[in-house]
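Please treat every number below as a calculation from the coordinates, not as lab data. Quick caveat, the model's predicted, so the values are computed rather than measured. Positions of Cβ are generated from backbone atoms using ideal geometry, with glycine treated the same way; all protein chains shown enter the neighbour counts.
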C-alpha cells in the first residue's frame with residue numbers, strides 16, 4: 001500500500017471522486033494549471049479539463065456563491081478557498097445561503113458542496129494565512145465542519161464530505177500537509193462524518209483534540225494513561241464517544257489552536273458539564289491559542305499550545 | 001507618443017409603448033392578441049394581489065410585505081420570456097415573476113404569512129426562494145449557469161435585483177464571473193430609483209446602471225421598465241442569446257417604486273409627493289390599457305370581468321392560505337440537514 005502525505009491523500013480523494021461521479025467539479029483560485037498553492041489539485045486540470053477544474057476570478061464570495069448555484073442545479077462542487085483567512089468575504093454566502101438553502105426551500109433545493117480551505121499556524125506565512133476560526137462555522141446550523149488529522153482520515157473524510165447531501169467546510173492543517181506519511185489505500189473507502197476516533201485508549205483522563213493539535217496532544221500524553229480522541233467532525237460533533245470516555249476517565253483536557261474565548265472547547269466543556277458532570281473528578285481544562293490576534297512567525301510558537309502547556313494541564317487534572 | 005482612445009461604449013435604450021398607449025410598430029415584438037390580453041390580465045392580477053396583500057398586512061393577517069406597485073411591467077414582461085426549463089433567482093419583490101411563471105398564489109400568501117412551506121417551489125418550477133440579503137443571489141445565478149453550461153443544457157438563468165443591489169460586491173463578482181465564462185445568464189436590474197430611502201444617485205455616479213455590464217465584457221441595455229413590450233422584447237432577446245451560447249446580458253428596467261419599500265417603511269419621510277405623482281402618469285397598467293383600447297382589445301366590460309376574476313382568484317388564494325394548518329414546531333428542525341443530528345433529536349424531545 002502506498003505511503004502518502006496529506007496533500008497526496010486529499011488529491012487522491014478528489015481524483016477518485018471525480019472519476020466516479022461526473023457531478024463533482026472543482027473551482028477556486030489557482031486550482032487549475034497551477035494545481036493550487038499547496039498543490040492539492042495537482043494533475044486534476046490535465047486529467048479532467050477546464051470544465052471540471054475551474055480557475056475562477058479572484059473572488060471568494062462568488063466562488064462559494066457560484067458553488068451554491070451549481071449545487072442547487074445538481075452538481076457536487078468542491079470549492080477551494082486559498083487560506084482560511086480569506087474565507088471571510090465568503091462567510092455571507094456560507095451563512096446566509098449555503099447553510100439555509102435546504103431549510104429556506106423546505107427541501108426543494110439542497111446545497112451539497114464542500115468548501116476546502118487550509119487553516120492554522122506554523123508555516124511562517126504572512127498575516128491572515130494562519131487562521132483557525134472553526135468555531136465560527138460550528139455555530140451555524142445547516143453546515144458541517146470537518147477537520148482531518150492524518151492522511152488516511154483526510155481521504156476518507158473528504159470522500160464522505162463530497163458525498164454528503166449538505167454543505168461541508170473541510171479544514172486542512174497547513175502544518176500537517178507534508179510532515180506525516182502513512183498508508184493510504186487506493187480506491188474507495190470512507191470515514192463517516194459525525195464520528196470521532198479514539199486514537200489511543202486510556203483510563204486516567206480524556207484528551208480531545210483535532211488537526212495539528214492532535215499530534216501535539218499525542219506527544220504530550222507520553223507517560224500518562226490518557227485516552228486521546230480525534231474529534232474529526234467538529235459539527236455536528238460526536239457526543240457519544242466523548243461522554244463514554246469522560247464517564248470512564250472523569251478528567252478532561254481539550255486542546256485547540258483557536259483562541260480560547262468561545263472556541264469549540266467552550267462548547268465541548270459545557271456539553272460535558274451538562275451531560276456528564278457527575279462523572280467528573282476534576283475541572284475540565286482547555287489548552288488553546290491565546291485571545292490575541294494570531295501573531296506572525298516570530299511569535300507563533302508562543303501563541304499555539306505547546307507540548308509543555310498540554311503536559312502542564314495533564315499534570316494539573318491528575319492532582320484531583 | 002499621442003494618447004489613443006482604445007475603447008469606447010454606447011448604451012442602447014429601448015422604448016416601444018409610450019404613456020399614451022401608442023406603440024412603435026417597427027420595434028414591437030410579435031405577440032398574438034391572446035398573448036397581449038394574457039399580459040394585461042397578469043398585470044391586473046398582480047396589482048390586485050399586491051393591494052390585497054397590503055390590506056391583509058394592515059389587518060394583521062400577513063407579515064411585513066414588499067409591494068410591487070409600479071414595477072408590474074418589469075416583472076411580468078421579463079417573466080413572460082422565461083421558459084419552463086430556465087432557472088430563476090429572484091430577490092424579494094418579484095411576486096409578478098412568481099405569478100407569471102404559474103406559481104400557486106396561495107403559497108405566496110402562505111409565505112408572507114410566515115410559513116416557509118409557501119416558498120418551496122413546485123417541482124416543475126425552477127425558481128429559488130426569495131432572497132433577503134441584497135444582491136447575494138447574483139452569484140447563485142452565475143453558478144447555476146456554469147452548471148448548465150457544463151451539462152450542455154440549452155437553458156438560461158435569470159436573476160433579479162434592484163438599483164441598490166448593483167452596489168454590492170456580489171453584483172460585481174457575479175457579473176464578472178458570468179462575463180469571464182460567457183455564461184447563459186440574464187441579469188435583470190429593476191432600477192426603481194430608491195433603495196429604501198437612498199436614491200439611485202447615491203448608489204453610483206455612473207449615468208446608467210446598464211453600462212456596468214460594459215466593464216464585465218458583455219452588453220447592458222436600458223429599457224423603459226414601465227413599458228411591457230420593451231421589457232419583454234429585451235428579455236426574450238437576451239434569454240434567447242443566452243440559450244444559444246451568446247453569453248450574459250444586463251437589462252436595466254428603469255421604473256419606479258410607487259409604494260413604500262415594505263409595509264414597515266414610510267416613504268414620505270424621504271421623497272416628495274410631486275415625484276410620486278409625476279410617475280403616476282407613467283403607470284405600466286394604464287399605458288397597456290390605452291394600447292389595448294386603441295387596438296380594439298379593451299372594453300369596459302372586459303375590464304370589469306378581469307377585475308372580478310382577479311379579485312376572486314386572490315380571495316380564493318387567501319382563503320386557502322389561511323386554512324393551511326400551521327407548521328408543527330419540530331418542522332423548524334426538519335430541513336436543517338438531510339438527517340437530524342443527535343442533538344436536534346434531543347431538542348425536539350424537549351419541545
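Things worth noting here:
- Separation of alpha-carbon centers, the range B:168-192 and the range B:100-126, rounded to whole Å: 25 Å
- Two-decimal Rg/Rh across chain A, once Rg and the Kirkwood Rh are taken from alpha-carbon atoms: 0.97
- Remark: the residue B:59-residue B:286 segment gains 78.9 nm on full extension, using 0.36 nm per residue and subtracting the alpha carbon distance.
- Highest mean first, the peptides A:228-238, A:134-144 sorted by other C-beta atoms within 10 Å per residue fall in the order A:228-238, A:134-144.
- Mean sequence separation of contacting Cα pairs (under 8 Å, at least six apart), scaled by the length of chain B, corresponds to a relative contact order of 24 percent.
- Among B:334, B:48, B:272, the residue with the largest mean-square fluctuation in a Gaussian network model of chain B, with springs joining Cα atoms closer than 10 Å, is B:334.
- Its alpha carbons considered, the range A:198-272 gives a radius of gyration followed by a Dmax of 11.3, 32 Å.
- With R₀ set to 30 Å, the beta-carbon distance separating residue B:271 from residue B:35 gives a calculated FRET efficiency near 0.25.
- Per residue of chain B, the DSSP helices (runs of n ≥ 4 H) give a summed -39500 (n - 2.57) that works out to -13000 deg cm²/dmol at 222 nm.
- Look at B:204, B:64 and count the other Cβ atoms within 10 Å of each Cβ; fewest to most, that gives B:64, B:204.
- Projected area averaged over orientations for the range B:85-164, convex hull of C-alpha atoms, nm²: 5.5 nm²
- Over the C-alpha atoms of the range A:3-183, the Rg to Rh ratio, Rh being the Kirkwood estimate, stands at 0.94.
- Length gained when the stretch residue B:311-residue B:182 is fully extended (0.36 nm per residue, less Cα-Cα span): 42.1 nm
- Between helix A:264-276 and chain A: long-axis angle, C-alpha atoms, 0 to 90°, nearest 10: 50 degrees
- Applying 1/(1 + (r/R0)^6) with R0 = 30 Å to the Cβ-Cβ distance of residue A:30 and residue B:151 gives a FRET efficiency near 0.75.
- Efficiency of FRET from Cβ geometry, residue A:200 and residue B:19, R₀ 60 Å, rounded to 0.05: 0.15
- Choice from B:335, B:216, B:103 showing the highest fluctuation, given a GNM over chain B with Cα pairs closer than 10 Å: B:335
- Principal-axis tilt of helix A:60-73 within chain A, Cα atoms, nearest 10 degrees: 70 degrees
- Relative contact order of the range A:197-318, pairs being alpha-carbon contacts under 8 Å that are 6 or more residues apart, as %: 28 percent
- Cα-based shape type of chain B, given that a ≥ b ≥ c are square roots of the gyration tensor eigenvalues and the cut on a/c is 1.5: oblate
- Gain in span if fully extended, residue A:22 to residue A:312, counting 0.36 nm per residue against the direct Cα distance: 99.4 nm
- Once the Cα gyration tensor of the protein assembly as shown is diagonalised, semi-axes √(5λ) in Å: 53, 28, 21
- Placing pseudo-labels 7 Å out from each Cα toward the beta carbon at residue B:343 and residue A:279 gives an inter-label distance of 1.8 nm.
- Rounded Å value of the spacing that divides the Cα centres of the range B:262-341 and the range A:159-194: 49 Å
- Only Cα pairs under 8 Å and 6+ residues apart enter the sum, and on that basis the relative contact order of the range B:48-167 stands at 28 percent.
- Highest GNM mean-square fluctuation among A:152, A:279, A:303, for chain A modelled with Cα contacts below 10 Å: A:279.
- With a 10 Å cut-off around each Cβ of B:170-176, the average count of Cβ atoms from other chains is 5.
- Inter-label distance for residue A:190 and residue A:302, nm, one decimal - labels placed 7 Å from Cα along Cα-to-Cβ: 4.7 nm
- Residue B:264 versus residue A:248: modelled label distance in nm, points set 7 Å from Cα along the beta carbon direction: 5.1 nm
- Prolate/oblate/rounded call for the range B:62-131, Cα gyration tensor, a/c under 1.5 rounded: oblate
- Overall form of the range A:264-320 per C-alpha gyration tensor (a/c, 1.5; a/b vs b/c): oblate
- Angle between chain A longest axis and helix A:307-318 axis [Cα atoms, degrees, rounded to 10]: 50 degrees
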